[in-house]
Amino acid sequence: MLRVSERNATHAQVNRPLVREFGHVLARLDWHVALLQEAPPRWLAPLCRATGASGALALTSRNLLPGVRAALARRNPDVMASNEGGSNQLLVRMPWRIEEVRRHTMARRPERRRMLFGRLAGPHGIPLAVANVHASTGDGAATAAEVVAAAERAVEWSAAAPMVFGGDLNLRPEREPRAYAELQSRLGLSAPVDARAIDHLLARGLVPVDGPRALAPEVREVGDGEGRAIRLSDHPLVAGTFEVE
């Protein structure tokens with residue numbers, strides 16, 4: 001409430017907007033397509049400018065009266081937290097470009113969850129479909145059904161194009177192995193590489209060259225100017241390099 005920064009020996013928790021820091025971290029990484037979950041909607045334009053990307057978003061939950069929420073979040077982001085409003089965002093750098101965007105509502109309760117789907121074109125017109133999801137928390141069976149249904153829709157929309165289906169699935173393979181087995185056997189998606197993780201990049205019609213893998217925690221950190229680090233996310237960054245089959 002008092003906007004006081006908290007510090008320990010190595011890290012700082014600062015109560016101020018961090019869109020510039022997020023943009024700096026994304027700009028320094030080597031990527032062509034980035035999937036962001038539950039980012040404030042107003043961050044899309046500055047993140048695109050910082051990274052030299054084009055972008056699209058799907059609004060998720062808590063987006064009533066966006067101007068009021070944004071103003072309160074700028075004043076005290078720690079108090080507002082996710083109540084600023086959320087969106088799933090897609091950032092795309094050249095030589096890839098966004099040709100089509102679709103949105104699919106995965107769930108309406110307890111919070112609205114939406115899949116952001118993009119059809120991309122790359123060098124020489126190479127097609128790529130990308131589906132960005134943030135699934136519901138709570139009941140494992142319900143989340144599993146939600147994720148499988150979203151993957152079905154993404155496969156349908158992708159048609160014959162290779163696809164990446166990724167994001168925060170809120171589903172650990174070690175706890176819901178049948179859901180991931182169905183994604184593989186029936187929908188042709190690749191196997192998850194970490195049985196304990198909830199953040200995944202699953203591919204269809206693509207050959208993994210490097211990863212997918214969780215990057216070191218330091219990758220998502222910036223300095224606070226006083227010798228400590230600010231960790232920008234409590235989720236690891238997951239990265240992968242793929243080739244078209």
Compare the peptides 232-243, 47-58 by average per-residue count of other Cβ atoms within 10 angstrom and give them in order, highest first. 47-58, 232-243
Do you know the relative contact order of the chain, to the nearest whole percent, from alpha carbon pairs under 8 angstrom that are 6+ apart? 16 percent
Using the heavy atoms of the protein chains alone and a 1.4 angstrom probe, what is the accessible area of the chain per residue in square angstrom? 52 Å²
Against the longest alpha carbon principal axis of the chain, how many degrees, from 0 to 90 and to the nearest 10, is the axis of helix 66-75 turned? 50 degrees
So A142 and A9, fully extended at 0.36 nm per residue minus their Cα-Cα distance, gain in nm 43.8 nm
Contour minus Cα-Cα span, A149 to D224, at 0.36 nm per residue, comes to 22.8 nm
Asserting the computed 222 nm helical MRE of the chain (DSSP H runs at least 4 long, -39500 (n - 2.57) per run, divided by residue count, to nearest 500) equals -7000 deg cm²/dmol
Trypsin sites (Lys or Arg not before Pro) within the stretch 160-245: DSSP coil, no more than 14 neighbouring Cβ in 10 Å: R175, R186, R196
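Considering only the other residues whose Cβ falls under 15 Å of the Cβ of M94, what net charge follows from Lys and Arg at +1 and Asp and Glu at -1?
My count for the surroundings of M94 gives +1.
The values are calculated or read from the model by the stated rules, or taken from the named source; none is laboratory data. Predicted model only: the values in this text are computed from it and were never measured. Positions of Cβ are generated from backbone atoms using ideal geometry, with glycine treated the same way; all protein chains shown enter the neighbour counts. Note: areas computed on protein heavy atoms with side chains; ligands, DNA, RNA excluded. Shrake-Rupley method; radii C 1.70, N 1.55, O 1.52, S 1.80 Å.
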